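The values are calculated or read from the model by the stated rules, or taken from the named source; none is laboratory data. Everything quoted here is computed from the prediction, not taken from an experiment. Glycine also receives a Cβ, built like all others from the backbone with ideal geometry; neighbour counts cover every protein chain displayed.
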Amino acid sequence: MIENTRFASRSELVGIAALALLLVVVLPLTLDVFRLNLVGKYLTYAFVALGLVLCWGYGGILSLGQGVFFGLGGYCMAMFLKLEASSPENTKIQSTPGIPDFMDWNQITELPLFWQPFHSLTFTIAAIILVPGVFAFIIGAAMFKRRVGGTYFAIITQAIAAILTILIVGQQGYTGGINGMTDLRTLKGWDIRPDHAKVVLYFVCVACLFGCIFVAQLIRHSKLGRILVAMRDKEDRVRFSGYSVANFKIFAFCVAAVFAAIGGAMFALQVGFMSPSFVGIVPSIEMVIYAAVGGRLSILGAVYGTLLVNFAKTSFSESFPELWLFGLGGLFIAVVLAFPNGVAGLWSDYVQPRLVRLVTPRKAGWSAPNAVAEGAPAE
Amino acid sequence: MLIGQQPKDFLLSVEGLTVSFDGFKAVNDLSFYVDENEIRVIIGPNGAGKTTVLDLICGKTRATSGSIHFRDRDLTKMRENEIVQAGVGRKFQTPSIYDDLTVFENLEISFPRGRSVLGALTFKRDAEVRERVHEVAEMIFLKDRLAMRADLLSHGQKQWLEIGMLLIQDPELLMLDEPVAGMSVSERVKTAELLHRIIEGRSVLVIEHDMKFVEDIAHKVTVLHQGQILSEGTMDKVKNDPKVIEVYLGH
Ligand SMILES: Nc1ncnc2c1ncn2[C@@H]1O[C@H](COP(=O)(O)OP(=O)(O)O)[C@@H](O)[C@H]1O
Ligand SMILES: [Mg+2]
């Protein structure tokens, strides 16, 4: 009756398999490399949306600064790639060969100390996880231990996103400034620019995404996931069940940050550059909209929401570039007012029941316990 | 005030407790002591500060001055979750349960194991947990409702669920704020029966208006009035105290 597997219910397994089929088989077979790479880029935002489902949808912690973590992960990856692209042979026309071009343009003659360890791929991979993780931990500990939450927390994360953008743009000798880090070429000697590399990187990105989905599912189905749900509307009560609310919030926020950072790293790899335009306030809010459109309680919805909004953005902004922001704002308002559970809600309220009736005419309630935990209507 | 020699013998020693909300002293220099296995009932007119006393003990409200010792630990210096872990459980006046979770999950969350982040992540729903949840669900008349979302329960059932959540925590000091308020007559009878069972073997602090119920269970009664103790003692003594009759029982 109350059995559920440790990782996913049956309907969720079906959903995950369907998503895998779409991302691993259907899209690679039907799209050309350019479009596949575009999907790969969109999927890097899905990591952020996925983190937001855990931290906002489940834990009720709305962060409007996830671009910070996406950016930290992306910049860590880009620093490694940039160093490799700046070998003395590649940069012999510079006044100081062997350092990134933007440093040379800014009259820097020596690789700064904090850049040095990014020669190592192992260090870089560790940094992609740890830098955003530790940063999120510090923010989380400072805010949640003092019981700063809700709107105040959202505003503070916005401020952090703005500050980080200003820092990156201002310190162009160290960061590449407003243009970001461009002209990334190879990963351990393997050229990331040709078509076949883009296909491989797409699959790596999909694999990482499923890794994160797996972790998210584990968390959601653990008691910790249920504590997050409990905290969302009865934070005080959770304290009186003997839990330190702050610690659970910090955890959710850190996980969301690490997911975002992995997305950022995959972005740098697939797109071949990283810039502050993915760090600031606007991209951070857009990422929240992806999660909202997908359904903030749905792990898989986060992926679909991201893809949908980005496809809409691409086609819309090709024809009416200046109207896109209004379109996005309108979409957000529509989702919040009319479909609070997003695409996933539409699916579980309208499509799935019909499908179920079609396939198994008399087997009602096949997803009862988990659908309940997901916030879908009980029966 | 009693310093040093006293607190050890009592489970709970409240001394000189005061809280002021913008100058209004909802609890004013209050001192009382609860023994091991004692059942203490707090009565008093609305607004007397009864709920606030429980808020102070469980850490929901911070005291302006005074101390609350639970065994040898000062609760005024501890966080809410630490107070719970020390063995103090609290039922709120309005049912306070997790609406989005099932009855089973509500009880499971209250089970005293895996309360750290790591513990919650690796928590296993093993036989011990299942048995305990079923046992408690049976006691609180909800064994057929385990898979139901808690917000679909009736008001009385929610009260029971919250009592169950406390019960599964197995606190040494149990605090109940008007546990039968808002219940139907038949629910009241069942709840009284339930409370009789769960108060055994622990100390209990109950706020209640139902005088029959109070007479039935109380070892000692404390009457609060305007944040201060008006009278304290056995039910008989309190009932015949002219001050009490005047402000409380008299109308
Ligand atoms: N957080 C608070 N802020 C301001 N006033 C409060 C607060 N909590 C309680 N009070 C006031 O303290 C008094 C005692 O309230 P309460 O303890 O709820 O009374 P009782 O439970 O005995 O009916 C009331 O006048 C109430 O308005
Ligand atoms: Mg009260």
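Table for the structure above
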{"item": "Leading residue by the ranking (farthest from B:Phe104 (Cα to Cα)) among those in segment B:142-162 that are outside any helix (DSSP H, G or I) and not basic (Lys, Arg)", "result": "B:Ser154"}
{"item": "Failed item, numbered, when B:Arg145 is tested on (1) more than 7 Å from chain A (Cβ to nearest Cβ); (2) within 23 Å of B:Ala192 (Cβ to Cβ); (3) within 20 Å of the chain's Cα centre (by Cα)", "result": "(3)"}
{"item": "Output for segment B:189-212, where each listed residue is modelled with pLDDT of 85 or more and part of a helix (DSSP H, G or I)", "result": "B:Val189, B:Lys190, B:Thr191, B:Ala192, B:Glu193, B:Leu194, B:Leu195, B:His196, B:Arg197, B:Ile198"}
{"item": "Top-ranked residue of segment B:203-212 - restricted to ones that are within 16 Å of ligand 2 (Cβ to nearest atom) and among the hydrophobic types (A, V, I, L, M, F, W, C), ranked as farthest from B:Arg188 (Cα to Cα)", "result": "B:Leu205"}
{"item": "B:Lys91 being within 16 Å of ligand 2 (Cβ to nearest atom), among the charged types (D, E, K, R), closer than 17 Å to B:Asp170 by Cα and surrounded by 19 or more Cβ atoms within 10 Å (Cβ to Cβ)", "result": "yes"}
{"item": "Some residue of segment A:298-306 being farther than 12 Å from A:Leu50 by Cβ and more than 14 Å from every other protein chain (Cβ to nearest Cβ)", "result": "no"}
{"item": "Unique match (being more than 11 Å from chain A (Cβ to nearest Cβ) and over 29 Å from B:Ala192 (Cβ atoms)) among B:Ala127, B:Ala120", "result": "B:Ala127"}
{"item": "Residues that are within 16 Å of ligand 2 (Cβ to nearest atom) and either outside the structural domain of B:Asp74 (by TED's automatic domain parsing) or in contact with a strand residue (DSSP E or B) (Cβ under 9 Å, 6 or more places away or on another chain) (or both), drawn from segment B:8-26", "result": "B:Val19, B:Ala26"}
{"item": "Conditions (1) within 14 Å of B:Ala48 (Cβ to Cβ); (2) out of contact with any His (no Cβ under 9 Å at 6 or more places or on another chain); (3) buried (at least 17 other Cβ atoms within 10 Å of the Cβ): number failed by B:Val244", "result": "(2)"}
{"item": "Odd one out for B:Ile83 among (1) among the hydrophobic types (A, V, I, L, M, F, W, C); (2) away from ligand 2 (no atom under 16 Å from the Cβ); (3) at pLDDT below 95", "result": "(3)"}
{"item": "Residue among A:Phe311, A:Phe320 that is more than 19 Å from A:Val14 (Cα to Cα), in contact (Cβ under 8 Å) with a residue 60 or more places away in the chain and of a type in the set (Phe, Trp, Tyr)", "result": "A:Phe311"}
{"item": "Given (1) surrounded by 24 or more Cβ atoms within 10 Å (Cβ to Cβ); (2) closer than 11 Å to A:Leu50 by Cα, number of the condition A:Ala216 does not satisfy", "result": "(1)"}
{"item": "In segment B:175-188, residue farthest from the other protein chains (Cβ to nearest Cβ) [restricted to those that are more than 13 Å from ligand 2 (Cβ to nearest atom) and of a type in the set (Gly, Ala, Ser)]", "result": "B:Ser186"}
{"item": "Matching entry among B:Arg71, B:Arg40 (being surrounded by fewer than 18 Cβ atoms within 10 Å (Cβ to Cβ) and either closer than 23 Å to B:Val221 by Cα or under 18 Å from the mean Cα position of the chain (by Cα) (or both))", "result": "B:Arg71"}
{"item": "When residues of segment B:36-64 are limited to those that are more than 14 Å from ligand 2 (Cβ to nearest atom) and touching a strand residue (DSSP E or B) at 6+ places or on another chain (Cβ under 7 Å), the one nearest to the other protein chains (Cβ to nearest Cβ)", "result": "B:Ala63"}
{"item": "Scan of segment B:212-234 for residues that are on the phi < 0 side of the Ramachandran plot and either free of Cβ contacts under 8 Å to residues at least 60 places away in the same chain or small (Gly, Ala, Ser) (or both), ordered by number", "result": "B:Lys212, B:Phe213, B:Glu215, B:Asp216, B:Ala218, B:Ser231, B:Thr234"}
{"item": "Residue, surrounded by the most Cβ atoms within 10 Å (Cβ to Cβ), within segment A:301-333, restricted to residues that are closer than 16 Å to A:Gly345 by Cα and not β-branched (Val, Ile, Thr)", "result": "A:Ala302"}
{"item": "Within segment A:186-276, helices (runs of 4 or more DSSP H) holding 1 or more residues that are within 14 Å of chain B (Cβ to nearest Cβ) and polar (S, T, N, Q)", "result": "A:195-221, A:245-271"}
{"item": "Where B:Gly114 falls short, out of the listed (1) within 15 Å of ligand 1 (Cβ to nearest atom); (2) free of Cβ contacts under 8 Å to residues at least 12 places away in the same chain; (3) not acidic (Asp, Glu)", "result": "(1)"}
{"item": "Test: residue in segment B:163-174 that is within 16 Å of ligand 2 (Cβ to nearest atom), assigned to a strand (DSSP E or B) and within 14 Å of chain A (Cβ to nearest Cβ)", "result": "no"}
{"item": "Helices (runs of 4 or more DSSP H) wholly inside segment A:2-119 that include at least 3 residues being touching a residue at least 40 places away in the same chain (Cβ under 8 Å) and surrounded by 14 or more Cβ atoms within 10 Å (Cβ to Cβ)", "result": "A:10-20, A:33-52, A:66-85, A:101-105"}
{"item": "So B:Leu153, is it surrounded by 21 or more Cβ atoms within 10 Å (Cβ to Cβ), at pLDDT 90 or above, more than 16 Å from ligand 2 (Cβ to nearest atom) and more than 14 Å from the chain's Cα centre (by Cα)", "result": "no"}
